[in-house]
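Have a look at the structure below before the remarks.
The values are calculated or read from the model by the stated rules, or taken from the named source; none is laboratory data. Nothing here was measured: the structure is a model prediction, and the numbers come from that model. Because the Cβ atoms are built from the backbone with ideal geometry, glycine has one as well, and the counts that use them run over all protein chains shown.
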């Protein structure tokens, strides 16, 4: 797992990663599990280790609050099931998984979904699609990638391709070949901001420190697409986003072309209903979409929002009022919320 991904897991207190790595804080000499409820440290004071043993060899001691050396039965069972699913070359039944994890099928189904936001079956489906993507990126033909990932027929893959790939498998293999994406980049009070759009609408709104960084990330995602800079065509969208960043009250009802699972769509739609100047907790959003136990899954959906500002994931905070993580940096989140905070008008004498 890349360190940036590990850091995002720490910021989201992602219990799914407990047992997969630990993070250590240089300023305290303590190491923790990713879900530790303690206050989040600065990124530059953190380093990551594969397990507790490595952290202790480096001179760190275990956190007394999250007790990273003590893995619960639930975490152990879910971790075991996930590792089996990650390495499986065929579809595993719930009975097989529960037997290997040492718990009942009903119990595994419940704790697995609580921890990951997905049932074991849904998790397997997502893993298979991820394997298809990897195969296609490496140049495998569609048939080879399909069967290597465990799909029994091409029809099953094509049924899911639009939802998960945003295009047909053949087009994805070509890195978005024959797709056209226009983009524009401009300075803002929060750093450089990139907008990208297809003919259908915005597909990306991102922050970055430099134009080169933003352009590279867009081209890496769709390495074979026709990507052109078109500041004129995107000026209306860009102007709206820049005004919102600066605190203006503008309509963000912009056309979007973003791919999402059914769950992500529910979360993102709920985010767009949060009024300007207000915030909601992850728990509030989970309740609003009828999934009160899926708080962590809501946090993940916020973290994968591809269109910053337009889908205002910055308006979601922790139940205790803390800002928690933000894909584009907590400092940016704080500034956005400050800009949107209603002004207090003092009475005149």
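A few notes on this one:
- Number of residues in segment 241-255 that are over 24 Å from the mean Cα position of the chain (by Cα), more than 14 Å from residue 188 (Cβ to Cβ) and at pLDDT 85 or above equals 0.
- The single condition among (1) over 19 Å from residue 297 (Cβ atoms); (2) surrounded by fewer than 17 Cβ atoms within 10 Å (Cβ to Cβ); (3) modelled with pLDDT of 85 or more that residue 3 does not meet is (3).
- Helices (runs of 4 or more DSSP H) contained entirely in segment 81-160, each with at least 3 residues that are surrounded by fewer than 17 Cβ atoms within 10 Å (Cβ to Cβ) and modelled with pLDDT under 75: 120-137, 142-148
- Number of the condition not met by residue 212 [criteria: (1) modelled with pLDDT of 90 or more; (2) closer than 24 Å to residue 338 by Cα; (3) loosely packed, with under 14 Cβ neighbours inside 10 Å]: (2)
Residues checked against (1) exposed (fewer than 15 other Cβ atoms within 10 Å of the Cβ); (2) within 20 Å of the chain's Cα centre (by Cα); (3) within 27 Å of residue 200 (Cβ to Cβ):
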| site | (1), (2), (3) |
| --- | --- |
| 257 | no, yes, yes |
| 271 | no, yes, yes |
| 284 | no, yes, no |
| 298 | no, yes, yes |
| 301 | no, yes, yes |
| 319 | yes, yes, no |
| 322 | yes, yes, no |
| 340 | no, no, no |
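- Test: residue in segment 51-67 that is under 26 Å from residue 23 (Cα atoms) and either at pLDDT below 85 or touching a helix residue (DSSP H, G or I) at 6+ places or on another chain (Cβ under 6 Å) (or both): no
- Screening residue 66 with (1) under 18 Å from residue 13 (Cα atoms); (2) exposed (fewer than 14 other Cβ atoms within 10 Å of the Cβ); (3) over 20 Å from the mean Cα position of the chain (by Cα) gives one miss only, at (2).
- Evaluation of residue 24 against the conditions (1) free of Cβ contacts under 8 Å to residues at least 24 places away in the same chain; (2) over 18 Å from the mean Cα position of the chain (by Cα); (3) surrounded by 19 or more Cβ atoms within 10 Å (Cβ to Cβ) shows that the sole unmet condition is (1).
- Among the residues of this structure, residue 76 counts as one that is touching a helix residue (DSSP H, G or I) at 6+ places or on another chain (Cβ under 9 Å), surrounded by 15 or more Cβ atoms within 10 Å (Cβ to Cβ) and within 14 Å of residue 21 (Cα to Cα).
- Under the condition of being crowded, with 19+ Cβ neighbours inside 10 Å and closer than 20 Å to residue 70 by Cα, the residues counted in segment 36-47 number 1.
- Elements of type helices (runs of 4 or more DSSP H) contained in segment 231-349, each with 3 or more residues being closer than 30 Å to residue 119 by Cα: 262-272, 282-288, 295-303
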